[in-house]
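Asker: Can you read through this structure? Questions will come right after.
The values are calculated or read from the model by the stated rules, or taken from the named source; none is laboratory data. Since we're looking at a predicted model, the values are computed, not measured. With ideal geometry, Cβ positions are generated from the backbone for all residues, glycine too; neighbour counts draw on all protein chains shown. Keep in mind that these areas ignore ligands, DNA and RNA; they rest on the heavy atoms of the full protein, side chains included. Shrake-Rupley method; radii C 1.70, N 1.55, O 1.52, S 1.80 Å.
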Amino acid sequence: MHDSQIPHEAVVISRTQESRSIFSIGLQFTDEELNKQYRFQPGQFNMLYVFGIGEVPISIVSDPQGSDEFIHTIRTVGRVTQILEQLQPGDRLGIRGPFGRGWPLQTLQHRDILVVTGGLGCAPSVSIINYIMLRREQFGRLAIVQGVKHSEDLIWHDHYQQWMQQPDTQVLLAADVATHGWPWHIGLVTELLPQVELDISQAATMLCGPEMMMHATAQMLLESKAKADQIWLSMERNMQCAVGLCGHCQFGPDFVCRDGPVFNYADVQHRLSRRGL
Ligand SMILES: Cc1cc2nc3c(=O)[nH]c(=O)nc-3n(C[C@H](O)[C@H](O)[C@H](O)COP(=O)(O)OP(=O)(O)OC[C@H]3O[C@@H](n4cnc5c(N)ncnc54)[C@H](O)[C@@H]3O)c2cc1C
Ligand code: FES
């Protein structure tokens, strides 16, 4: 991208309502040349700018070599996301990005991969799963472990059903609270880890979700002989510049926008459980 500080105009190509408060939008730049040049890695994010309202960091969930449009899945929480929710095909917004360091998938070929996701923070992990599914022969076995607070929070039911049918793929789902008929585990996502069929001590693990959940999961994995430097996690912080200048996303000595959002657990484990960092 030409200038990381200037938003470039993009147009909404497609829109999907995933659940009551989550939607996806597919975008394209209005500048043809920019569309051709635009490249990103799974786990990177864009800054989405609603003209006159504000800007928010949002992960890119589509495949880097997928179609012409890039896709964002967004939960409506406040000022900017409420306006983004109203956008329809043909509407325009500004995009800066891609930013940050993504998942190290290119270095993990032929490895077994464990993906553990908690809460609604599933968007960055979907980019991992999509990436592996489209390059299945390049990876070993895949275990997907997803936990949600309430069974009604689970989106992408079709995706999970589809992933369950794939060879060498295990999908485990949990909800802290479930409505009648929820066929999967009721309880915490960490309670599913003993059911994972991979050799956790040899697998590469990627975590996504609330910090406490990621920390608790990593601790359990270490007890199962996982190596700290074979665990990665995606962090969230409020952001403004997205290029390591303003300090809004400070995380100890790092800036989440520039040095993350994906970090190696070995580098950050002592910071994760400390309040205020
Ligand atoms: C690298 C990165 C990737 C992200 N990817 C996604 C994604 O794919 N999909 C998605 O729905 N959201 C994602 N987020 C979170 C998203 O950026 C926030 O939900 C958004 O900024 C809220 O803006 P708002 O103006 O709608 O809400 P506001 O009115 O700003 O805030 C509403 C509430 O959310 C809190 N909040 C705002 N930003 C954050 C944040 N970054 N982390 C934690 N709490 C926050 C505020 O403190 C407030 O309580 C990501 C954040 C980061 C840092
Ligand atoms: S958002 Fe400004 S330093 Fe990260």
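Asker: Using the structure shown, decide if L245 is away from ligand 2 (no atom under 16 Å from the Cβ) and either of a type outside the set (D, E, K, R) or more than 30 Å from I95 (Cβ to Cβ) (or both).
Answerer: no
Asker: Under 7 Å by Cβ, and 6 or more places apart or on different chains, what pairs join a residue from region 31-49 that is within 13 Å of F99 (Cβ to Cβ) with one that is part of a helix (DSSP H, G or I)?
Answerer: Pairs found: G43/P124; G43/S127; L48/L84.
Asker: Taking T190, is it buried (at least 20 other Cβ atoms within 10 Å of the Cβ) and under 20 Å from M214 (Cβ atoms)?
Answerer: Criteria not met by T190.
Asker: On to the next question. If I ask for residues that are acidic (D, E) and assigned to a loop (DSSP other than H, G, I, E, B), which ones from region 84-122 would you list?
Answerer: Scanning region 84-122 gives D91, D112.
Asker: Next question, about the same structure. If I filter region 59-77 for residues that are among the small types (G, A, S), within 16 Å of ligand 2 (Cβ to nearest atom) and either at negative phi or surrounded by 12 or more Cβ atoms within 10 Å (Cβ to Cβ) (or both), do I get at least one hit?
Answerer: yes
Asker: Hey, another quick one. Only one residue in Q161, Q166, Q195 is farther than 22 Å from K225 by Cβ and loosely packed, with under 13 Cβ neighbours inside 10 Å. Which one?
Answerer: Selected residue: Q161, the only one of Q161, Q166, Q195 that is farther than 22 Å from K225 by Cβ and loosely packed, with under 13 Cβ neighbours inside 10 Å.
Asker: Would you call Q202 assigned by TED's automatic domain parsing to the domain that holds Q109 and either open to solvent by less than 10 Å² (accessible area, probe 1.4 Å) or more than 20 Å from the chain's Cα centre (by Cα) (or both)?
Answerer: In short, yes.
Asker: Ok, one more. Can we say R258 is open to solvent by 60 Å² or more (accessible area, probe 1.4 Å) and within 16 Å of ligand 1 (Cβ to nearest atom)?
Answerer: Here the answer is yes, as R258 does meet what is asked.
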